[in-house]
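The values are calculated or read from the model by the stated rules, or taken from the named source; none is laboratory data. Predicted model, so just to flag it, every value in this text is computed and none were measured. Methodologically, a virtual Cβ is constructed for each residue, glycine included, from the backbone with ideal geometry; neighbour enumeration extends over all protein chains shown.
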Amino acid sequence: MFIQIVDLLGTIAFAISGALIAMNKRMDPFGVLIIAFVTAVGGGTLRDVMIGIEPVSWMRNITFVYVIIGSATFAVIIRNRISYLLKSLFLFDTIGIGLYTVVGIETGLVAGLHPIICIAMGTMTACFGGVVRDTLCNEIPVIFREEIYATACILGGITYFILLHFFDNKNYLFIIAGLVVIIIRIIAVRFKISLPSLYNSDK
Amino acid sequence: MFIQIVDLLGTIAFAISGALIAMNKRMDPFGVLIIAFVTAVGGGTLRDVMIGIEPVSWMRNITFVYVIIGSATFAVIIRNRISYLLKSLFLFDTIGIGLYTVVGIETGLVAGLHPIICIAMGTMTACFGGVVRDTLCNEIPVIFREEIYATACILGGITYFILLHFFDNKNYLFIIAGLVVIIIRIIAVRFKISLPSLYNSDK
Amino acid sequence: MFIQIVDLLGTIAFAISGALIAMNKRMDPFGVLIIAFVTAVGGGTLRDVMIGIEPVSWMRNITFVYVIIGSATFAVIIRNRISYLLKSLFLFDTIGIGLYTVVGIETGLVAGLHPIICIAMGTMTACFGGVVRDTLCNEIPVIFREEIYATACILGGITYFILLHFFDNKNYLFIIAGLVVIIIRIIAVRFKISLPSLYNSDK
């Protein structure tokens, strides 16, 4: 129940973020809808298919479809407040990865997978909708190049499994893990922290 | 039975369309074969994997493999009649999406999915082979940018479910839904109808 | 058992090859890890998902995860010996496709699939990690454009099924088929053999 609400909120956040990016690429209304869809359900779909949960989540719960269509429509309607949108985009995206990391970890736990695989599932749920989105928009996925993004999800996942040794209430753990992801990402962006470069700076 | 024939015809149409586009990109014979394959089975594979029908259709029916290899070879042999091919490409592609939309809806119905999800499955079956094809050819999928394409599939799917309230014979319904897709696409291309733009025209 | 060792060796080879290419694209450490991962498990994941083996192999065996992280780290550490790396890249990649072709054929056989589909599964296991890698790096997959690559896998697969009529010991057959793939690829690259072009040379 708790996880479902989290999942829905993440879906709204990602659908809006996807629609905004598609409009940035000046796609037609159908393209905007599909990119919103792919961004919102891409990571979870990949996760479900790889674990073997089929039909995948959003196909068994028509609510998701309505929520995505509604969110994309909302994004289209408010599209002209661009400057306001850019800040929202970051916000929605950040909330989305926090929520989805938690949903992905929970799905992995239910399927009885190894903690490391659960963290991978959480990270995949959070990040791969964006990877598919960027690939369809013909760009190198942004998460491979810049900023703390997937790293925040991984750290949130590790936090979850460390705290699991000390606490019992899963819901609290999920909230904490999700907040860790969101806070790390916000701090990293605000203070321009990124992973150490592998390359000599002089290029 | 009826659906299988429709499926085979769609496969031929899409395999030829894929091979033509791969040759346009001057790929080698293996690349042409793979792109023909991906265009023909990509949408259906994605659909089957997401619904949980595995091994996916074409792997259980070797006929599809022969048909795709044959169609791609045929496309390679007639490759020099370029001007003739461009017109055929449109024709094959349009017939293909009409047929595949119907196959996808039927697959969703058999799996007991919600009508909206069935329409999504039909549209995915019809359009996502092309999306994968364009992505592999390193282009933004054409269906996100121009023309009535997926929209025709969606309208065909809606037609199907509306008529389902009035008629009983599924085969007729499938034929009508497929024709609706094909006719909408032909009319849209001939009269240059596209979805309303979300953007100011002055850019 | 034998197949598992072959699988692990292929994983090491591909993880290193993926990490090298990601560093070539100057990705950050996380990007390097993910591309190493995708290159190593992408083809097998696609194969497992399409056959219906879920959770997919690497998720059921945490060893793969450790091996990939170790291989990627190793590649990062030795990254400055560039000239040495380029030669190794080819070597690792070639060994990888030989090993993975065999693993893919075996997986198809166990699932009771048609020999042609088994060869397709072998080729997919060997080549599609690279296809996903190139797609994520925003390039037309190299295997569609140049050189004998997938063709070597297909020929190795055909060799396997021909020899199956004469010999009984599967392990030997797998070794021979793998070697056929590796040798064909090495000969093709050394003597610059490629598939016949479909196009007039004057362009």
Practice task
List the number of the failed condition for A:LEU109; all other conditions in (1) within 30 Å of C:TYR66 (Cα to Cα); (2) part of a helix (DSSP H, G or I); (3) in contact (Cβ under 8 Å) with a residue 40 or more places away in the chain hold.
Solution key: (3)
Exercise for the section: Scan the stretch C:116-128 residue by residue and report those that are facing another protein chain (nearest Cβ under 9 Å) and over 22 Å from C:LEU8 (Cβ atoms). Expected result: C:ILE116, C:ILE117, C:ALA120
Handout entry: Selected residue (criterion: farthest from B:VAL41 (Cα to Cα)) from residues of the stretch C:39-48 that are buried (at least 24 other Cβ atoms within 10 Å of the Cβ) and aliphatic (A, V, I, L, M)
Key = C:ALA40
Exercise for the section: State whether the residues of the stretch A:129-143 include one that is within 11 Å of chain C (Cβ to nearest Cβ), in a helix (DSSP H, G or I) and not β-branched (Val, Ile, Thr). Expected result: yes
Practice task
Tally the residues that are closer than 16 Å to C:ILE143 by Cα and either in a helix (DSSP H, G or I) or modelled with pLDDT of 85 or more (or both), restricting the search to the stretch C:156-203.
Solution key: 7
Practice task
Test C:VAL180 against the stated conditions and say whether it is more than 14 Å from chain B (Cβ to nearest Cβ), closer than 26 Å to B:LYS25 by Cα and out of contact with any strand residue (DSSP E or B) (no Cβ under 7 Å at 6 or more places or on another chain).
Solution key: no
Completion exercise
Wholly inside the stretch C:1-103, helices (runs of 4 or more DSSP H) that include 1 or more residues that are closer than 15 Å to C:MET124 by Cα, away from every other protein chain (no Cβ under 14 Å) and polar (S, T, N, Q) are C:2-24
Fill in the blank from the handout: When (1) modelled with pLDDT under 85; (2) more than 13 Å from every other protein chain (Cβ to nearest Cβ) are applied to B:ILE148, the one that fails is (2)
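Can you spot a residue in the stretch B:98-105 that is more than 17 Å from B:ALA13 (Cβ to Cβ), among the hydroxyl-bearing types (Ser, Thr, Tyr) and surrounded by 20 or more Cβ atoms within 10 Å (Cβ to Cβ)? If you could, list the steps in order and put the result at the bottom.
Pass one, the stretch B:98-105, residues more than 17 Å from B:ALA13 (Cβ to Cβ): B:105.
In the following step, the residues that additionally are among the hydroxyl-bearing types (Ser, Thr, Tyr) were identified as none.
Looking through the stretch B:98-105, none of the residues is more than 17 Å from B:ALA13 (Cβ to Cβ), among the hydroxyl-bearing types (Ser, Thr, Tyr) and surrounded by 20 or more Cβ atoms within 10 Å (Cβ to Cβ).
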Practice task
Being modelled with pLDDT under 80 and crowded, with 22+ Cβ neighbours inside 10 Å is the filter; apply it to the stretch B:136-145 and report the residue that is farthest from B:LEU195 (Cα to Cα).
Solution key: B:PRO141
